[in-house]
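Undergrad: Below is the structure I would like to discuss, written out as structure tokens.
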Amino acid sequence: MPNFTDVTEFTLLGLTCRQELQVLLFVVFLAVYMITLLGNIGMIILIGISPQLQSPMYFFLSYLSFVDVCFSSNVTPKMLENLLSETKSISYVGCLVQCYFFIALVHMEVYILAVMAFDRYMAICNPLLYGSKMSRTVCVRLISVPYVYGFSVSLICTLWTYGLYFCGNFEVNHFYCADPPLIKIACGGVHIKEITMIVIAGINFTYSLSVVLISYTLIVVAVLRMRSADGRRKAFSTCGSHLMAVSMFYGTLIFMYLRRPTEESIERGKMVAVFYTTVIPMLNPMIYSLRNKDVKEAANKAITKTYVRQ
């Protein structure tokens, strides 16, 4: 029988053990975190105050930005603290809370991206019915589902994480409490947690990605049937930003969660995790604004109004 040990805290080994890099990493990730907060909160405010950004697409984008703020804030502050700390610890309860919000926010993001793909399908393939079919009531219902489902499925997954037992090794080879490194150091309850993690991740990623792929397949067919070259260019430009965001987020998550945890996969997973917990939330506002004429015009008007009032 394994000698199970009561856990009070874990030690997060972080990205590197080289002390000379700790301060540099702290400065870099602090800058990334500040840009993430400013970009996403700025996007939420801009959508809220701009009359030309009141369509369903921007309604969903504001909620995606909110999830990105929460996603980054769930991981980055503790990582920054541990980069300058000697102990680099996180309490057992804090670890479970971080796991809970991480899993919930991941599911929210993938399904919001799926909803945004469906919205683009409705706008391009059914333009005459778009206003009535995508009313504000429908949009609220569509955006509520990812939130309710994300928090619900995360509770179940976190309870399975709570069912893991440990035998003295409390060093988590990661910069936040993630399921794969926790499974790697656990000595009990591993099989059920490992199987459920892969099955739940596989089902949710497959289902949400199927919605995205089917929506964009129908969009491509509809666009190719358009006679106007300008119409085709405009349709593809509105979808390009979303496709870029989908590709980055799904690609990194599939690499991380749809395989069994090994020492090698966890080491590589840390580098991938940096991308989807810090870099992608920072890039999303840039992707959706730099390639979007409406957002740029709304931002210019907001800046002009601010200067005029001063």
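Undergrad: Less than 20 Å from a label point 7 Å out along the Cα-to-Cβ axis of Ile254: which backbone N atoms in the range 203-237 qualify, by residue?
TA: Output list for this probe position: 203-220.
Undergrad: What FRET efficiency, computed as 1/(1 + (r/R0)^6) with R0 = 45 Å and r the Cβ-Cβ distance, is obtained for Lys301 and Val148, rounded to the nearest 0.05?
TA: Efficiency computed from Cβ-Cβ geometry: 0.80.
Undergrad: How big is the dipole moment of the range 9-303 about its Cα centre under a simple scheme where the beta carbon of each Lys and Arg is +1, that of each Asp and Glu is -1, and everything else is neutral? Debye, nearest 20, please.
TA: Here the range 9-303 has a charge dipole of around 1240 debye.
Undergrad: In whole angstrom, and with the biggest value first, how far do the Cα coordinates of the range 2-153 range along each principal axis?
TA: 62, 40, 23
Undergrad: Something else now. Once R0 is set to 22 Å, what does the formula 1/(1 + (r/R0)^6) return for the Cβ-Cβ distance between Leu290 and Asp230, expressed as a FRET efficiency to the nearest 0.05?
TA: 0.60
Undergrad: Measure off, as a whole percent, the carbon and sulfur share of the 1.4 Å-probe accessible area of the chain, all protein chains present.
TA: After summing per-atom areas, the C and S share lands at 67 percent.
Undergrad: Using a 1.4 angstrom probe and counting only protein chains, how large is the accessible area of Tyr207 in Å², to 10?
TA: 140 Å²
Undergrad: Could you give the accessible area per residue of the chain, probe 1.4 Å, as a whole number in Å²?
TA: I get 50 Å² per residue for this part.
Undergrad: Which helices, counted as full DSSP H runs in the chain, have an axial Cα extent of no less than 20 Å and a Kyte-Doolittle average of 1.0 or above?
TA: Membrane-span-like by this rule: 19-49, 92-125, 136-162, 190-224.
Undergrad: Would you calculate a helix-derived [θ] at 222 nm for the chain, using -39,500 (n - 2.57) for each DSSP H run of n ≥ 4 and dividing by the full residue count, to the nearest 500?
TA: The helix-only estimate for the chain comes to -26500 deg cm²/dmol at 222 nm.
Undergrad: Going by a 4.7 Å Cβ-Cβ cut-off, which cysteines of the chain have no partner at all?
TA: So, Cys17, Cys70, Cys99, Cys125, Cys139, Cys157, Cys239.
Undergrad: If one puts a single equal scatterer on every Cα of the chain and applies the Debye formula without solvent, what log₁₀ I(q)/I(0) results at q = 0.08 Å⁻¹?
TA: Cα-only, vacuum Debye calculation for the chain: -0.41.
Undergrad: Under 19 Å Cα-Cα from Lys270, which lysines qualify once same-chain neighbours fewer than 8 residues away are excluded?
TA: Of all the lysines, those that pass the test against Lys270 - Cα under 19 Å, at least 8 places apart if same chain - are Lys78, Lys88, Lys184.
Undergrad: Test of understanding: in a Gaussian network model of the chain with alpha carbons linked when under 10 Å, which of Asp230, Asp294, Asp119 would top the mean-square fluctuation ranking?
TA: Between Asp230, Asp294, Asp119, it is Asp230 that shows the largest mean-square fluctuation.
Undergrad: With every protein chain left in place, what is the accessible area of Cys99 in Å² (1.4 Å probe, nearest 10)?
TA: The accessible area of Cys99 comes to roughly 0 Å².
Undergrad: Hey, another quick one. Mind grabbing the accessible area of Glu81 for me, 1.4 Å probe, Å², rounded to tens?
TA: Per-residue accessible area (Glu81): approximately 100 Å².
Undergrad: Any lysines with Cα under 16 Å of the Lys296 Cα? List them, leaving off those in the same chain fewer than 8 positions away.
TA: Within the straight-line cut-off, Lys296 pairs with Lys234, Lys305.
Undergrad: Still on this structure, I have one more. Specify which residue in the list Leu218, Ser85, Leu155 is farthest towards the positive end of the charge dipole of the chain, using unit charges on the beta carbon of Lys, Arg (+1) and Asp, Glu (-1), about the Cα centre.
TA: Leu218
The values are calculated or read from the model by the stated rules, or taken from the named source; none is laboratory data. Model, not experiment: these values are computed from the prediction. We place every Cβ from the backbone using ideal geometry, glycine too, and count neighbours over all the protein chains shown. The area values use the complete protein model at the heavy-atom level, side chains included, leaving out ligands, DNA and RNA. Shrake-Rupley method; radii C 1.70, N 1.55, O 1.52, S 1.80 Å.
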